[in-house]
1. How about region 44-79: which of its residues are within 24 Å of residue 185 (Cβ to Cβ) and touching a Ser or Thr at 6+ places or on another chain (Cβ under 7 Å)?
2. Report the residue count in region 227-249 for those that are within 16 Å of ligand 2 (Cβ to nearest atom) and farther than 23 Å from residue 339 by Cα.
3. Restricting to region 290-318, what's the tally of residues that are of a type in the set (Ser, Thr, Tyr) and without any contact (Cβ under 8 Å) to a residue 40 or more places away in the chain?
4. Report the residue count in region 339-360 for those that are surrounded by fewer than 19 Cβ atoms within 10 Å (Cβ to Cβ), outside any helix (DSSP H, G or I) and under 17 Å from the mean Cα position of the chain (by Cα).
5. Given the conditions (1) within 16 Å of ligand 2 (Cβ to nearest atom); (2) without any contact (Cβ under 8 Å) to a residue 40 or more places away in the chain, which single one is not true for residue 346?
6. Which is within 29 Å of residue 180 (Cα to Cα), among the aliphatic types (A, V, I, L, M) and surrounded by fewer than 19 Cβ atoms within 10 Å (Cβ to Cβ), of 219, 266?
7. Going through region 147-170 one residue at a time, which ones are part of a strand (DSSP E or B), within 30 Å of residue 8 (Cβ to Cβ) and touching a Pro at 6+ places or on another chain (Cβ under 9 Å)?
8. When residue 47 is evaluated against the numbered criteria (1) part of a loop (DSSP other than H, G, I, E, B); (2) under 14 Å from the mean Cα position of the chain (by Cα), which criterion, by number, is the only one it fails?
Amino acid sequence: MNLVEKIEAAGVVGCGGAGFPTHRKLSGSFEYLIANGAECEPLLRHDRWLMRNKASEIVQAMDAIGAELNIPNLVVALKDHYHAEAEAIEAAAAKLGSKVRVHRMESFYPAGDEQTMVAVVDNVATLFAVYEALQGIPFTKKYLTVTGEVNTPSVLHVPVGTPLLKCIELAGGAKIADYMVVTGGPMMGKPMSAEELQTATVTKTTGGILVLPADGYHAKASQLNVKRMLNRAKSACIQCTSCSQLCPRHMLGHPLQPHMIMRKMAMGGDPKEMLDDPIIRSAALCCECGICEVYACPMGLNPRKINSLIKQDLREAGIRYERQQTSWKANPEREVRKAPTDKVAARAGVYRYNKLECSNFVEYDPQADR
Ligand code: SF4
Ligand code: SF4
């Protein structure tokens, strides 16, 4: 088996969230292989743990992919305050005589957006899974962060299929009785009902388990139904354009302007009836980062959720977005409009958890637990 076949046989999928099969990304000719170590969302810490503790494995996986696909530039992109992580990667690369180098990025959200990084990107956890695949180890365990209102915020390594409630227990248990759970990060993660939580388990794409107060920002946001969301878009959008001015995809030059979509919502009725409109179709370009609704909108409206709804309608109607252009020019003001991660965390009501260390690590073996 060649490298790509080994990765496929091990069942490696992207650990950054989308879960795209990794072997399908690895065909063609590339100038750069970028390991995404920017740990895009606030609060999540497992990628940083991996870079500190599995740097050699990540570098070896990058070297192997680079050699197989003849990729000249191998780069680990991380935030500029990740000093220990950068040192670990650089030390591992020096020891292995690798050409992997570190690129330091500013701490803004969403720094890990593939479009922001402009290259073939694999998350560092995916690259660790690639390393294991090359040793013949199938991808059956996940690194993830459990944080928020838990007694010992932790990075866990658990088998796929482990109950989320078990993961919370491994992080010392919940500190408060009345809590809700978000799987993923605080910006793009999915709120879970108390009922769902009883049976939910870790999947290959679970990256974080956030235990949050049941009366906080996320709980309120999750209670908003579609009808109310559309009514609020109609009645309260003041067309200030703040959502578009701060939208990272718009800043990169994509023809996506959430305030225009909101204007259509205010004028029209059901998004399903407007799928021919190019402005409505531009929702397909939205990466659902949440900047527009969590950070930008002064009225507390939901352009991201409306885009998500339209994307679902477009998918169901079998409509694929057709790009009108092949290159984009970034807005010259992009640098000053980037959203600092701490401010984003504060707006999402999770600032205090973003300061938690998550230095505890748990390797969970269900057999030993019996
Ligand atoms: S969620 Fe909002 S800010 Fe983010 S890409 Fe979509 S429209 Fe832009
Ligand atoms: S930021 Fe809010 S109020 Fe302003 S245009 Fe966007 S959705 Fe409307």
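The values are calculated or read from the model by the stated rules, or taken from the named source; none is laboratory data. The structure displayed is predicted, hence computed values, not measured ones. Ideal geometry is used to build each Cβ from the backbone, glycine not excepted, and the neighbour counts take in all protein chains shown.
1. Result: 44, 45, 46, 79.
2. Qualifying residue count for the region: 9.
3. 1
4. Adding up the residues that qualify gives 1.
5. Every condition holds for residue 346 apart from (1).
6. From the options 219, 266, the qualifying one is 219.
7. Correct list: 158, 159.
8. Unmet condition: (1).
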